[in-house]
Amino acid sequence: MYTLLLSALCSVLAVRAAPLERRQTITPLTSAQIAAFTPFTHFASTAYCQPSSTINWSCGANCNANPDFIPVAAGGDGGSVQFWYVGFSPSQASVIVGHQGTDTSEIEAIATDANAFLTSLDPTLFPGVSSSVEVHNGFADEHAKTANQILSAVRTAISQHGATRVTIVGHSLGAALALLDGVFLPLHISGVSFRTIGYGMPRVGNQAFADYVDAHLSLTHINNKKDLVPIVPGRFLGYHHASGEVHITESNVWESCPGQDNTSTLCTVGDVPNIFEGSTSDHGGPYNGITMGC
Ligand SMILES: *[C@@H]1O[C@H](CO)[C@@H](O)[C@H](O)[C@H]1NC(C)=O
Ligand SMILES: *[C@@H]1O[C@H](CO)[C@@H](O)[C@H](O)[C@H]1NC(C)=O
């Protein structure tokens, strides 16, 4: 009788403890942690500005938000090649690489393109990475257009400023490119640490890619509310997010979501179960008050 009671009590406790435990590991960021992303959010937004204005840091509010930045190179045409820039941020003690994104309908079109497929990484750009690591061919093609120019600019920035850190940022398609650069650049440059911070990042590759990223790169991908871009391409097509999600909830809490594609309703996959429940207007932000665009 006593044993029965005890085990009944234990199972009640177990049932009650489980959701509490789960609740604890999805952790809200402190306001200081959220504020620490602000310069990088501006850097991601700045990538929407014309290269002629990022090369001398004259792009207005976006540039003025990081006033000490020293540009090294900028390029792209905003059409067939996304804008990008590279430089050094003394206040962040980091080289910054910024990649332009697209609007919601264009990124949705690319990510859900019925003709898209998963493909191995180009062994010239990504030497030594297993062919089982596959990414969306559209993202790989976009990345290849600027890969070598950016590699050369990052090398220059590192040597000019004695940098030990490289932070790659982008929003939307720019986040996908920033993730691919986060895999690509460390294969060619040693002795510095790399970090990618993406906003509204779509899924970029397969399970092996997500696992590769988890093992090799420091990644944070920040998703705003009901933004649908982070849930495309779908997991049913074989795409997976790497770890490092931060999900901004409807009540503006920044939740750090452990694991890959966490299905909790506090995280994007649980909060946005399909694109019909997603919102196109949440894609651009605001991310702690900052809306993406130049
Ligand atoms: C999602 O987060 C919970 C914590 O609430 C954790 O226990 C679980 O393992 C995570 N899920 C995945 C798929 O990583
Ligand atoms: C920045 O460069 C552009 C053209 O490349 C030029 O028109 C503009 O005057 C420059 N601005 C500053 C502040 O130097």
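The values are calculated or read from the model by the stated rules, or taken from the named source; none is laboratory data. Owing to the predicted nature of the structure, the values given are computational and were not obtained by experimental measurement. Because the Cβ atoms are built from the backbone with ideal geometry, glycine has one as well, and the counts that use them run over all protein chains shown.
Residue pairs whose Cβ atoms lie under 7 Å apart, sitting 6 or more positions apart in sequence or on different chains, and linking a residue in the range 233-254 that is over 15 Å from GLN33 (Cβ atoms) and touching a residue at least 40 places away in the same chain (Cβ under 8 Å) to a partner that is hydrophobic (A, V, I, L, M, F, W, C) and crowded, with 23+ Cβ neighbours inside 10 Å, are PRO233/ALA111; ALA242/VAL213; ALA242/LEU219.
Scanning the range 6-47 for residues being β-branched (Val, Ile, Thr), in a helix (DSSP H, G or I) and at pLDDT 95 or above gives a total of 4. Restricted to the range 178-199, and to residues there that are among the aliphatic types (A, V, I, L, M) and crowded, with 23+ Cβ neighbours inside 10 Å, the residue that is nearest to GLY98 (Cα to Cα) is ALA178.
Looking only at the range 124-135, decide whether some residue is more than 16 Å from ligand 2 (Cβ to nearest atom), surrounded by 15 or more Cβ atoms within 10 Å (Cβ to Cβ) and part of a strand (DSSP E or B). Scanning the range 124-135, I find at least one residue that is more than 16 Å from ligand 2 (Cβ to nearest atom), surrounded by 15 or more Cβ atoms within 10 Å (Cβ to Cβ) and part of a strand (DSSP E or B), so the answer is yes. For the range 100-128, the set of residues classified as farther than 30 Å from GLN50 by Cβ, touching a strand residue (DSSP E or B) at 6+ places or on another chain (Cβ under 8 Å) and touching a residue at least 40 places away in the same chain (Cβ under 8 Å) consists of LEU118, LEU121, listed by residue number. For the range 212-230, the candidate set comprises residues that are more than 16 Å from ligand 1 (Cβ to nearest atom) and in contact with a His (Cβ under 9 Å, 6 or more places away or on another chain); within that set, the residue that is farthest from SER130 (Cα to Cα) is LYS225.
Residues of the range 48-62 being part of a loop (DSSP other than H, G, I, E, B), crowded, with 16+ Cβ neighbours inside 10 Å and either within 16 Å of ligand 1 (Cβ to nearest atom) or small (Gly, Ala, Ser) (or both), which ones? Correct list: empty. Looking across ASN137, ASN56, one residue alone is modelled with pLDDT of 95 or more and within 22 Å of the chain's Cα centre (by Cα). It is ASN137. The single condition from (1) free of Cβ contacts under 8 Å to residues at least 60 places away in the same chain; (2) part of a loop (DSSP other than H, G, I, E, B); (3) within 16 Å of ligand 1 (Cβ to nearest atom) that MET201 fails is (3).
When the test is whether a residue is at positive phi and among the small types (Gly, Ala, Ser), GLY284 does not pass it. For the range 231-261, enumerate the residues that are within 11 Å of ligand 1 (Cβ to nearest atom), in a loop (DSSP other than H, G, I, E, B) and hydroxyl-bearing (Ser, Thr, Tyr). Correct list: SER243 only.
Of all the listed residues (ALA175, ALA163), the sole one being in a loop (DSSP other than H, G, I, E, B) and either in contact with a Phe, Trp or Tyr (Cβ under 8 Å, 6 or more places away or on another chain) or loosely packed, with under 15 Cβ neighbours inside 10 Å (or both) is ALA163. Return the only residue of VAL169, VAL213, VAL154 being in contact (Cβ under 8 Å) with a residue 24 or more places away in the chain and part of a strand (DSSP E or B). Exactly one residue qualifies, and that residue is VAL169.
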